[in-house]
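A quick write-up on the structure given underneath.
The values are calculated or read from the model by the stated rules, or taken from the named source; none is laboratory data. Computed from a prediction, not measured in an experiment: that's the story for all the values here. Every residue, glycine as well, gets a Cβ built from its backbone with ideal geometry; the counts of neighbours run over all protein chains shown. In case anyone asks, the SASA skips ligands and DNA or RNA and just uses the protein heavy atoms, side chains included. Shrake-Rupley method; radii C 1.70, N 1.55, O 1.52, S 1.80 Å.
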Amino acid sequence: MRWRIVRAIAWKEWHAAMDQPLGFVVMAAFLLVAGFFFGKNLFLAGLADMRPWLEIAPLLLSFFAPAATMRLVAEEQREGTFELLATQPITDAEIVAGKFLGALGQLSLWLAATLIYPLSLFAFSSPDLGAIASGYLALWLLAALAAAAGLFASSLARHGVIAYVLGFALLFFAWILERAAATLPPAWQDALAWINPIAHYRAMLRGMIGLEDIMAFAAWAGVLLAAAWLRLVGRRWA
Amino acid sequence: MIEARGLSRRFGSREAVVGLSFSVRRGEIVGLLGPNGAGKTTTMRMLTGFLPPSDGDAIVAGASVVEDPLAVQARVGYLPENNPLYRELCVRDHLRFIGRLRGMPEGTLRDRMREVAEACGLREVMGRRIEELSKGYRQRVGLACCLLHDPDLLILDEPTTGLDPNQVMEVRALIKDLAARKTVLLSTHILSEVEAVCDRVMIMEGGRLRAIGTVAELVQMAAGKALVRVKIAEGKEAARAALAEALAEATVEEKEDGVLLVAAEMEPEALARAIWRALREAPCELVALVPEQTPLEEVFRRLTGEGQA
C-alpha cells in the first residue's frame with residue numbers, strides 16, 4: 001500500500017464531494033438536525049447536556065452518512081470512470097483505502113462542525129471537557145464505521161440510490177438491534193453487547209473508553225473494508 | 001510491443017473473445033476493426049489488465065497481463081471506451097490526479113502537464129471543469145491523461161466515436177502526430193479511419209480474429225481475384241483475342257464504352273503487367289490500364305460474413 005496513492009484518491013474524493021452543492025446541502029441538513037437534538041434539552045429543560053445529541057447520533061449518521069458515501073464506487077461503475085481508475089497502476093486495496101479516508105474526511109468535517117454546539121456551552125458554564133472529548137472520540141469511531149459500511153454498500157450497487165438504501169439499512173440494523181437487545185434472552189444480550197458496535201458506542205458514552213470498545217469498531221470497519229475490497233477484486237471475474 | 005497468445009475471455013457461458021493470437025511491433029499503428037459486439041473492447045480490457053483473461057496470456061510492453069498487470073498498466077496509456085472522466089474536476093486537477101496515481105514526482109508531473117497540455121491543445125481550458133467542456137475537448141483531455149507518463153504504447157478504444165467531423169479530423173491528426181514516436185493500437189468501427197491512420201488492420205468478429213494484415217493485403221484476401229480495368233480506343237476485338245491467348249485463366253467482361261474488365265487470381269499489379277505485355281503487340285490502342293481497388297467496406301463485409309445472406 002503506497003501512501004501517496006491512497007492520499008491522491010482520498011484527495012479526489014474530498015474534492016468531488018466539496019465541489020458539489022449536494023455535499024454542502026447534506027452537511028447543512030445534518031448540522032441542523034444535530035443542532036435540534038442538542039438544543040432540545042438546553043432550551044426546554046435548561047440542562048446543558050450533550051447526551052441527547054450523542055445518544056441519537058448513530059441514528060442521524062444512519063440517515064446522513066450514506067448520502068456522503070453512496071457515490072464512492074457505485075457512481076464510478078455507472079459513469080465508467082472505474083475503468084479509468086482501475087487501469088492506473090494501483091491496487092484495489094489502495095482504491096478502498098483512499099476512498100475510505102476520503103469519506104471519513106468528509107464525515108470528520110461534519111462532526112467538527114457540530115463541535116460548535118458543545119463549545120458554545122462555554123459561554124454559559126464550564127462543561128466537562130473530558131466528557132466532550134470522550135464523546136467525540138466515540139462519535140468519530142462511529143463515523144469511521146459508517147464510512148466503511150457506506151463504502152461496502154456502494155461497492156455492491158450500481159445506483160447511488162440503492163447504495164444509499166443499503167448503507168442506511170446496515171447502520172440502522174445495528175442501531176435497532178441494540179435498542180431491541182433488552183427483549184432478548186440474557187445469553188443473546190451478552191453476545192450482542194460484545195458484537196454490536198452500537199453497544200460499544202453506548203458503553204463509551206458512559207465515560208469509560210476501553211480498548212475492547214475501540215477494537216470492536218476497528219474490527220467491524222476492517223471487516224467491511226475487506227468485504228468492499230473482495231467485491232472489487234471479484235468484479236474482474238463477473 | 002504486444003504479443004497475444006490464445007487470449008480468451010468468457011462471461012458466464014458467453015464467449016466474448018476466443019483464442020486471440022497476434023503481435024504488434026514497435027512503432028506500428030494497428031487498427032482493431034469489427035462490428036459492435038465483436039469483442040474489441042473486451043480484448044483491449046484484457047490487454048490493459050482491467051479484465052483478467054479466462055485463458056491465454058499477452059505480453060504487453062514487456063510484462064504479462066496475467067502475472068503483472070500493474071507493470072503493464074504502468075507502461076501503457078489507455079483510453080477506455082466512451083472516454084470516462086471525472087466530470088466534477090477541472091482539467092488541471094484531473095491531470096494532476098492521474099499523474100499522482102501513476103506515482104509521478106511532483107516536479108516531473110508539473111513539467112509533463114505543461115507538455116501534454118501544449119501537445120493536446122488544452123492550455124486555455126486547464127482551469128475549466130470537465131463537465132463544461134465540449135466532447136472534442138474532453139477527448140483531448142482523455143488523450144492527455146494517456147500521454148501523461150509518456151508511455152511507448154497507446155491503446156485507444158474508439159477514440160473518435162461521438163465526435164463531429166471536424167473533431168474527428170483533429171483527433172486523428174493528433175493520433176498520427178503521436179504515432180511518429182509511439183506504438184498505437186486503436187479500435188474503431190469506422191472503416192475510413194483505418195484507411196486514414198493505420199499501418200495494419202485486425203478484423204474481429206464473434207470474438208475471433210478473422211484477418212490481420214495491411215489494408216492492401218486484406219483487400220486481396222477478401223477479393224480473391226484481382227480486377228483490372230482496360231480501356232481500349234481502337235481494335236477492341238483484337239485486344240480480346242490477344243488477352244484470351246496470353247491469359248487463358250483470366251475472364252474478360254465487356255463493360256461500357258470500350259472498357260474491358262479483366263479478372264484473374266493473381267496480384268493486381270502482376271495482372272496489370274501481364275495485360276500490358278499481351279496488348280503491346282496487338283493491333284489495338286490502349287488508353288488506360290487501372291487495377292481496381294476493392295473498397296475496405298467491401299473487404300469488411302466479406303470477411304465478417306455480413307451480406308452473405
Choice from B:R140, B:R14, B:R25 showing the highest fluctuation, given a GNM over chain B with Cα pairs closer than 10 Å: B:R14
Kirkwood hydrodynamic radius (C-alpha pairs) into Stokes-Einstein, chain A, 20 °C and 1.002 mPa s, D in µm²/s: 115 µm²/s
Cβ-derived FRET efficiency at R0 35 Å, B:R25 paired with B:R273, nearest 0.05: 0.70
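On alpha-carbon atoms, Rg over Rh for the protein assembly as shown using Kirkwood Rh? Write out the running numbers ahead of the final one.
On the way: Rg = 32.9 Å, Rh = 27.8 Å.
That ratio is 1.18, to two decimals.
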Separation of the B:D164 and A:T81 label points, Cα + 7 Å toward Cβ, nm: 2.7 nm
For segment B:137-166 versus segment A:163-238, the gap between their alpha-carbon centres in whole angstrom: 45 Å
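Over segment A:3-237, average the accessible area per residue using a 1.4 Å probe and give it in Å², no decimals.
On a per-residue basis, 45 Å².
Can you tell me the order of B:272-282, B:194-204 when each peptide is scored by its average per-residue count of other Cβ atoms within 10 angstrom, highest first? Write down the numbers at each step before the final one.
Numbers: B:272-282: 16.4, B:194-204: 21.3.
So the peptides B:272-282, B:194-204, ranked by packing, come out B:194-204, B:272-282.
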Set of lysines with alpha-carbon distance to B:K255 below 21 Å, sequence-local pairs under 8 removed: B:K225, B:K231, B:K236
Inter-chain shielding of B:66-75 (mean C-beta neighbours from other protein chains, 10 Å cut-off): 2
Anchor B:K182: aspartates and glutamates whose Cα lies under 17 Å away (excluding residues fewer than 8 positions away in-chain): B:E3, B:E28, B:E115, B:D150, B:D152, B:D157, B:D199
For segment A:16-32, Karplus couplings with θ = phi - 60° (6.51, -1.76, 1.60), whole Hz, Gly/Pro x: 4, 6, 7, 7, 10, x, 4, x, 6, 4, 5, 5, 5, 4, 4, 5, 5
Label-point gap, in nm, between A:A182 and A:F124 - each point 7 angstrom along Cα→Cβ: 2.8 nm
Paramagnetic reach from A:W194 (point 7 Å along Cα→Cβ, amide N under 14 Å) across segment A:208-230: A:212-213, A:216
Chain A: most fluctuating residue of A:L60, A:L184, A:L142 per GNM, C-alpha cutoff 10 Å: A:L184
Solvent-accessible area, 1.4 Å probe, carbon plus sulfur percent, for chain B: 46 percent
GNM flexibility winner over chain A from A:P89, A:P58, A:P186 (Cα, springs under 10 Å): A:P89
Mean-position separation - Cα centroids, segment A:110-151 and segment B:53-74, in angstrom: 48 Å
Computed log₁₀ I(q)/I(0) - Debye formula, equal Cα scatterers, no solvent, segment B:211-271, q 0.14, 0.20, 0.28 Å⁻¹: -0.44, -0.76, -1.17
Computed [θ] at 222 nm, helices only, for chain A once each DSSP H run of length n ≥ 4 contributes -39500 (n - 2.57): -27000 deg cm²/dmol
Simple label model, 7 Å out from Cα along Cβ direction - B:V290 to A:R236, nm: 5.5 nm
Between segment A:75-107 and segment B:187-219, the Cα center-to-center distance that results, in Å: 35 Å
Accessible surface of segment A:3-237, 1.4 Å probe, proportion on carbon and sulfur as whole %: 74 percent
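Checking an interface number: how much accessible area is buried between A and B, summed over both chains, with a 1.4 Å probe, in Å² rounded to 100?
Result for this pair: about 2800 Å² buried.
What does the charge count around B:R277 come to, taking other residues whose C-beta lies under 14 Å from its C-beta (Lys +1, Arg +1, Asp -1, Glu -1)? List each step's numbers first, then the result.
On the way: positive: B:R273, B:R280; negative: B:E245, B:E269, B:E281.
Cβ neighbours under 14 Å give a net charge of -1.
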